[in-house]
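Engineer: Structure in structure tokens, see below.
The values are calculated or read from the model by the stated rules, or taken from the named source; none is laboratory data. Note that the structure is predicted; figures quoted are calculated from it, not measured. No Cβ is skipped: glycine too gets one built from the backbone with ideal geometry, and neighbour counts run over all protein chains shown.
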Amino acid sequence: MIPDGDAVLVAEGIGHVYYSDRGAVEALRDVTCRVRRGEFVCLVGPSGCGKSTLLRILAGLMPPTSGHAYLDGEPITGPQRRIGVVFQNANLMPWRTVYDNLALPLELAGVPCRERERRVSDAIRLVGLAGFEDSYPAELSGGMAQRVAIGRALIYEPEVLLLDEPFGALDALTREEMAQELLRIWAAQRTTVLMVTHSIQEAIFLGDRVLMMSPRPGTISREFVVPFPRPRSLDMVHSAEFGMLAADVRSVIGRV
């Protein structure tokens, strides 16, 4: 157990090696970071640096080769309801409606019908899908499908939400809209968030801090504290201060 004040999610010396017939590939080396309760942290870095691998380890979806991950001081040894995960692909069941996709995790957990209805209704309001309860995934836009995925991850009211490039497949305008929606949802829930993104602008707009990962084997090479107050609007993206911070982050990526 690692006591660390307000830190709810902790990576301590995490390393990971992938083995195959072609040999070993070291994806992560000695990754240490802490995310405080209620904080929104973004993780950026060059492609192939192990960002998604780190997120999967923190989600309990795969064990690290070395080091440890902790949630509230307790080792993360497998998937759990206290950690919600959203991937780039919404992974919705095409034969189930929005309502039924949101209800699925609760059905599998045996949550009573009345409680299930309450949670699903709350999730639909939270992610802004009122009126689309009976729609099927094929009838939804990419942004709406990701809203369902976020709602499904939040259905258990988790302490931590892990996001792996959730808007990567969206067009630029929809991506901006979803970033604003994510901030609205986060402000309403204040769930602790760790999000992987390839967009420097998105990381600064959303995050309290931006963690930079080095090329493979990935490790945390730099931290940027985002100084802009909340609530935030897209107008701040065009400010000189925002541009200077984005340029600083970009120059570090260029050097590494």
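Engineer: Please work out which residue is modelled with the highest pLDDT, limiting yourself to region 232-248 and to residues that are in a loop (DSSP other than H, G, I, E, B) and surrounded by 10 or more Cβ atoms within 10 Å (Cβ to Cβ).
Structural biologist: It comes out as S239.
Engineer: Can you confirm whether region 74-82 contains a residue that is touching a residue at least 40 places away in the same chain (Cβ under 8 Å) and over 19 Å from V35 (Cα atoms)?
Structural biologist: Scanning region 74-82, I find no residue that is touching a residue at least 40 places away in the same chain (Cβ under 8 Å) and over 19 Å from V35 (Cα atoms), so the answer is no.
Engineer: Does region 14-25 contain any residue that is closer than 27 Å to W186 by Cβ and part of a strand (DSSP E or B)?
Structural biologist: The answer is yes, given that some residue of region 14-25 is closer than 27 Å to W186 by Cβ and part of a strand (DSSP E or B).
Engineer: Continuing with this model, one more query. Quickly run through region 52-107 and pick out the residues that are among the basic types (K, R), assigned to a loop (DSSP other than H, G, I, E, B) and under 20 Å from the mean Cα position of the chain (by Cα).
Structural biologist: R81, R82
Engineer: Give the residue that is surrounded by the fewest Cβ atoms within 10 Å (Cβ to Cβ), with candidates limited to residues of region 134-155 that are over 24 Å from the mean Cα position of the chain (by Cα) and part of a loop (DSSP other than H, G, I, E, B).
Structural biologist: This residue is D134.
Engineer: Does T97 meet the test of being surrounded by 15 or more Cβ atoms within 10 Å (Cβ to Cβ), in contact with a His (Cβ under 6 Å, 6 or more places away or on another chain) and either farther than 21 Å from V41 by Cα or not hydrophobic (A, V, I, L, M, F, W, C) (or both)?
Structural biologist: No; evaluated as a whole, the condition is false for this residue.
Engineer: Has region 66-75 got at least one residue that is among the hydrophobic types (A, V, I, L, M, F, W, C) and either at pLDDT 95 or above or closer than 29 Å to P217 by Cβ (or both)? Please lay out each step first, then the result.
Structural biologist: At the first step, the residues of region 66-75 found to be among the hydrophobic types (A, V, I, L, M, F, W, C) are 69, 71.
Then keep just the ones that are either at pLDDT 95 or above or closer than 29 Å to P217 by Cβ (or both); that gives 69, 71.
The answer is yes; a qualifying residue exists.
Engineer: If you don't mind, another one. Hey, could you check region 166-185 for residues that are in contact with a Gly (Cβ under 9 Å, 6 or more places away or on another chain) and among the hydrophobic types (A, V, I, L, M, F, W, C) and say which is surrounded by the fewest Cβ atoms within 10 Å (Cβ to Cβ)?
Structural biologist: A169
Engineer: Within region 215-231, track down each residue that is surrounded by fewer than 17 Cβ atoms within 10 Å (Cβ to Cβ) and assigned to a strand (DSSP E or B).
Structural biologist: S221, E223, V225
Engineer: Which one is nearest to L183 (Cα to Cα), of the residues in region 5-29 that are acidic (D, E) and exposed (fewer than 14 other Cβ atoms within 10 Å of the Cβ)?
Structural biologist: Filtering region 5-29 for residues acidic (D, E) gives 6, 12, 21, 26.
Narrowing the set further to residues that are exposed (fewer than 14 other Cβ atoms within 10 Å of the Cβ) leaves 6, 21.
On the way: D6: 21, D21: 43 Å.
Looking at residues that are acidic (D, E) and exposed (fewer than 14 other Cβ atoms within 10 Å of the Cβ), I get D6.
Engineer: Give region 108-128 a look and list any residue that's farther than 25 Å from L55 by Cα and either within 20 Å of the chain's Cα centre (by Cα) or among the hydroxyl-bearing types (S, T, Y) (or both), or say none.
Structural biologist: Taking region 108-128 and keeping what is farther than 25 Å from L55 by Cα, we get 110-122, 124-125, 128.
Matches in region 108-128: S121, I124, G128.
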